[in-house]
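Below is one structure, written out as structure tokens, with a few remarks after it.
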Amino acid sequence: MSLLSVKSMSATIAGQLVVEDVSFEIPETGITALLGRNGVGKTSTLRGLIGLIDRKGEISFGGKDISGMPTNKIIQLGIGYVPEDREVFASLSVQENLKLAARKGLDSRWDFIEKLFPDIFGRLHQRAGTLSGGQQQMVSLARALVNENQLLLVDEPTKGLAPKIVQETAAALQLAAEKTPMLLVEQNLTVVKQLAEDAIVLEGGRVVFQGKAKELLSDEKLTAKYLGVGGGDE
Amino acid sequence: MSDVILLLMTGLGLGALYFLIAGGLSLIYGLMGVLNFAHGSFLTVGAIAGWEISKLLGGDSWGVLLISMVVGALVGAVVATATELLLIRPLYLRHIEQALITVGLSLASVALFEGIWGVDPNYVSRPPWLIEVTKIAGALVPNDRFLLIGSAVLVLFGMLAFLRYTRFGLIIRAGVENRAMVQALGIDVRRAFTLVFAIGGAVAGFGGVLASQYFGYVSPHLGGNLLIFAFIVTIIGGLGSLVGAAIASVLVAVLQQFANFYLGGTGDLVIVVLLIVVLLTRPTGLLGKRAH
Amino acid sequence: MNFLSEIFKRRGLIVGPLLVAAMAVLPLIDFELPGIFPGPSSNPGTLQILALALLIGSLALSYHLLLGVAGLLSFGHALYFAIGTYGLAILLRQTDIALLPAMLIVGLVGLVVAAVLGRISLQVSGIAFAMVTLAFAQAGSVLIRRNSEITNGEEGLPINTANVPDYLVGVVNTKNLFWLALVIAVIAFLLVTWFEKSRAGHVVAATRENELRVRVLGIRPTRVKILAVVSAGVIATVAGMVYFVLQSTASPANISADLTLTLLVIVVLGGVGSRWGALIGGVIYMILDQRLTSLARAPELKELPEFLYIPLSEPLFLLGSIFILVVLFLPGGFAGLAKRFRTGKRAKLKELA
Ligand SMILES: Nc1ncnc2c1ncn2[C@@H]1O[C@H](COP(=O)(O)OP(=O)(O)OP(=O)(O)O)[C@@H](O)[C@H]1O
Ligand SMILES: [Mg+2]
């Protein structure tokens, strides 16, 4: 049985259809990459899943129908969401950002945060808006990881980061995914290759590929066709 | 010199009243995107409740005033909470309709107040000390100014402490910045909506009792008259910012007093011009989009 | 089938003139509408109410031009109405100019003020636009209250009839004012219709949907919006002038925020985007307003228990409550309801912009 199953989901923003008819399943372990060209609706798919935008269709999570639930209820079922562009609360301190996210308090999680994100651990009282882009990304990730989740939804975590930070982020994701399955939107195919077992490709608001990530990335024709790039290495 | 001090103290007193409406107004807008036209009615209903209870208890002691303040705040909070739950919540995130609803509520409630309590002012009794004056550097300052200023400062720090040190405060501050993300962290932001309405209503109701002490009467239009200035204050201070609202309240009220005295009664006009200048040069106000 | 729908589409062309003709003969016949008219339709009291209603209907139409057509939420539209009432009142009192040229001058003032203030306020949009317009109206209100040597302050400025032609003065001539109001309502309606159907109307309607797209097409939406603001301002000024002659006083209530809010309520009740809704909404509101005040004095009503009598005798309470219910349960207003009724099926509720 799959953890998350989506059947013909469509989603709208301000009345405009941005996801047409998406169906896929996510296995109970490992990282599944959600791929596709810019503007194809990856972010909207994630936002639709957790009800941040209007959506229709059958969405079940851990056997529960979540297609009519409000966002906060869905998240409380055990989903960690890392949005595109971080969306940290700029006027709050790092600690406050984490405190807000921690559903069961932070006390038992300090070791974990220190181990995974030493950089932000040293800046708990700094205002998140004054952090660098990479540090903000760490806060955004940490916000999702301070809870015991059943599933992580992570949207372009390496966007705009320096190569070294990209690798750090990838390592953190890998560590997190050992415990919790993840649906990962990622443009950097090196990272995808490194992390993902499964892959889903969107095109024109629909799923055009679902299978093993290796299969997709080792086939140059497929990658060129779906992702508009040649080969896996950049 | 004594003129200046008297004008300053009067301005600060009036600024205190503006803040007691504008603070809640600003938080509500910042968090929910709702421009609440019914906020003046929250103040009026608090003032009326305080006046009724003081009539019931009789006398002009401090105890009675204190009780009427508490009652005013409670009634304001209850009315505001009911408003949020019954009228605002069903239109979740449809900001224009929500603002329209509050327009309807403000028209209807003022008309209802007029129907029940009449259009004429009803005079309130005050502790004798409040009517006396205190001499400061040659200026004879009416004592009610001190009550207003002191109360508003307490309310401001109380609200700031609440925002800073409680989990609900944290949720509100985060929500002002990014409501959807709060929801996406698994938090029911709508409970915070109800809460800011309750707080805004309580503060306005409390402000109503103070306003009736300052003006000496309650009338159905008490809140509506102050609301226009509170709107101006909120915009100048930056929608969503409590500190901005406090600064702008003082700025607007003091400027108004000085312009009225030195520039031939042009206080209101000067304020309007100030608003227009701020809107055209800095549309987000002095401190836009921060809850503290 | 096609023929029928064609008639439906063009029903305005048939119903409109019929309605105007029917209204126009009212002063000449003794048409009675018990409970709604205070007397037969030739009665000056009835005509007075109907004329006021038509003027508020025209004012609501002008507000519709702002909100329903251009998508501009104004909290200060009453300013232009007051320019009409006070402008004419002051000219008639302070100068020897005859009524017609005086009205021309005031109309021109309304136009210039609308153009200048429109230019400034359209620098911002949304709630900020609403607040700037509120501030302008508030400034006007302050000017009226403070300069009581000219405006007579809170009391209101009564009309000086020396330069008003005889056929517009006195109770017996109310019918002439009624006809004048009818003409204004018709002109306002045609003007608004023309604006909506014209290229300018399409541009503002398009900017309401997507400002960027219009910019890309190379059209300057601001200019067209100013045109909407100016047209609305002039209609409001003209309505204000006749309203003033009819009421014989210009009063500070003419510029109150409550008046603008009432217009907003009327337009939303009528159904945002609906000309007929705005016009008819304004007319019905004014009739209710006038009649409820006198109905409230009716002895039958006084015998009702207090908790019913008090709310029922306050027109604004009723209006506000109905408004709340409509916003909650009837998106699209009464025009939307009528449409659903006509088309016979429950069309999907359209959300307000
Ligand atoms: N707020 C919005 N209003 C209107 N259209 C939007 C909005 N947000 C997104 N869209 C449209 O929805 C479509 C899907 O956008 P989405 O952000 O989901 O794409 P994406 O696959 O995540 O793209 P990227 O790889 O660039 O992040 C795009 O065509 C976009 O223009
Ligand atoms: Mg995206």
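The values are calculated or read from the model by the stated rules, or taken from the named source; none is laboratory data. Just so you know, these numbers come straight off a predicted model, no measurement behind them. Because the Cβ atoms are built from the backbone with ideal geometry, glycine has one as well, and the counts that use them run over all protein chains shown. Only protein heavy atoms, including side chains, enter the accessible area calculation; ligands, DNA and RNA are left aside. Shrake-Rupley method; radii C 1.70, N 1.55, O 1.52, S 1.80 Å.
General remarks:
- Some residue of region A:24-41 being more than 14 Å from chain B (Cβ to nearest Cβ), more than 14 Å from ligand 1 (Cβ to nearest atom), in a strand (DSSP E or B) and open to solvent by 20 Å² or more (accessible area, probe 1.4 Å): yes
- Candidates in region A:9-23 are the residues that are within 7 Å of ligand 1 (Cβ to nearest atom) and more than 14 Å from chain B (Cβ to nearest Cβ); of these, the one that is least open to solvent (accessible area, probe 1.4 Å) is A:18.
- Test: residue in region B:35-52 that is charged (D, E, K, R), surrounded by fewer than 23 Cβ atoms within 10 Å (Cβ to Cβ), in contact with a Ser or Thr (Cβ under 6 Å, 6 or more places away or on another chain) and away from chain C (no Cβ under 14 Å): no
- Taking (1) surrounded by 21 or more Cβ atoms within 10 Å (Cβ to Cβ); (2) free of Cβ contacts under 8 Å to residues at least 60 places away in the same chain in turn, residue C:104 satisfies each apart from (1).
- Residue check, residue A:6 more than 16 Å from ligand 2 (Cβ to nearest atom), over 20 Å from residue A:148 (Cβ atoms) and open to solvent by less than 20 Å² (accessible area, probe 1.4 Å): yes
Residues checked against (1) at pLDDT 90 or above; (2) more than 14 Å from chain B (Cβ to nearest Cβ); (3) touching a Pro at 6+ places or on another chain (Cβ under 6 Å):
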{"position": "C:212", "(1), (2), (3)": "no, yes, no"}
{"position": "C:217", "(1), (2), (3)": "no, yes, no"}
{"position": "C:233", "(1), (2), (3)": "yes, yes, no"}
{"position": "C:236", "(1), (2), (3)": "yes, yes, no"}
{"position": "C:245", "(1), (2), (3)": "yes, yes, no"}
{"position": "C:250", "(1), (2), (3)": "yes, yes, no"}
{"position": "C:262", "(1), (2), (3)": "no, no, no"}
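- Summed over region A:153-173, residues that are more than 18 Å from residue A:35 (Cβ to Cβ) and more than 16 Å from ligand 1 (Cβ to nearest atom) total 8.
- Residue satisfying all of: in region B:1-34; outside any helix (DSSP H, G or I) and among the aliphatic types (A, V, I, L, M); modelled with the highest pLDDT among these: B:34
- Restricting attention to region B:184-220, the residues that are in a helix (DSSP H, G or I) and within 14 Å of chain A (Cβ to nearest Cβ) total 5.
- Any hit, region A:66-84, residues being within 16 Å of ligand 2 (Cβ to nearest atom), within 8 Å of chain B (Cβ to nearest Cβ) and closer than 22 Å to residue A:197 by Cα: yes
- Residues (within 12 Å of chain B (Cβ to nearest Cβ) and over 21 Å from residue B:284 (Cα atoms)) located in region C:108-137: C:137
- Some residue of region B:60-67 being at pLDDT 95 or above and within 11 Å of another protein chain (Cβ to nearest Cβ): no
- Residue ranges of helices (runs of 4 or more DSSP H) in region A:130-234 with at least 2 members open to solvent by less than 20 Å² (accessible area, probe 1.4 Å) and β-branched (Val, Ile, Thr): A:163-179, A:189-195
- Single match in A:185, A:191 (criterion: within 14 Å of ligand 2 (Cβ to nearest atom) and of a type in the set (A, V, I, L, M, F, W, C)): A:185
- Residue match in region C:183-190 (condition: surrounded by 20 or more Cβ atoms within 10 Å (Cβ to Cβ) and in contact with a Lys or Arg (Cβ under 7 Å, 6 or more places away or on another chain)): yes
- Filtered by the rule that a residue be away from ligand 1 (no atom under 16 Å from the Cβ), touching an Asp or Glu at 6+ places or on another chain (Cβ under 8 Å) and not β-branched (Val, Ile, Thr), region A:180-192 gives a lone residue, A:181.
- Top-ranked residue in region A:42-65 [being within 14 Å of another protein chain (Cβ to nearest Cβ) and more than 12 Å from ligand 2 (Cβ to nearest atom); ranked as surrounded by the most Cβ atoms within 10 Å (Cβ to Cβ)]: A:49
- Within region A:152-172, residues that are away from chain B (no Cβ under 14 Å) reach partners that are open to solvent by 80 Å² or more (accessible area, probe 1.4 Å) and within 13 Å of ligand 1 (Cβ to nearest atom) with beta carbons closer than 9 Å, at six or more positions or on different chains, in the pairs A:156/A:85; A:159/A:85; A:160/A:85.
- Hits in region A:85-100 - residues which are more than 9 Å from chain B (Cβ to nearest Cβ) and either of a type in the set (Asp, Glu) or under 13 Å from the mean Cα position of the chain (by Cα) (or both): A:85, A:86
- In region A:71-89, the condition of being β-branched (Val, Ile, Thr), crowded, with 16+ Cβ neighbours inside 10 Å, away from ligand 1 (no atom under 16 Å from the Cβ) and touching a residue at least 60 places away in the same chain (Cβ under 8 Å) is met by at least one residue.
- At least 1 residues being facing another protein chain (nearest Cβ under 10 Å) and crowded, with 16+ Cβ neighbours inside 10 Å is the threshold, and among the helices (runs of 4 or more DSSP H) wholly inside region B:110-183 those reaching it are B:167-177, B:179-183.
- Unmet requirement for residue A:91, which otherwise passes all of (1) within 16 Å of ligand 2 (Cβ to nearest atom); (2) in a loop (DSSP other than H, G, I, E, B); (3) of a type in the set (S, T, N, Q): (1)
- Residues within region B:86-109 that are open to solvent by 20 Å² or more (accessible area, probe 1.4 Å), within 7 Å of another protein chain (Cβ to nearest Cβ) and in contact with a Phe, Trp or Tyr (Cβ under 8 Å, 6 or more places away or on another chain), tallied: 1
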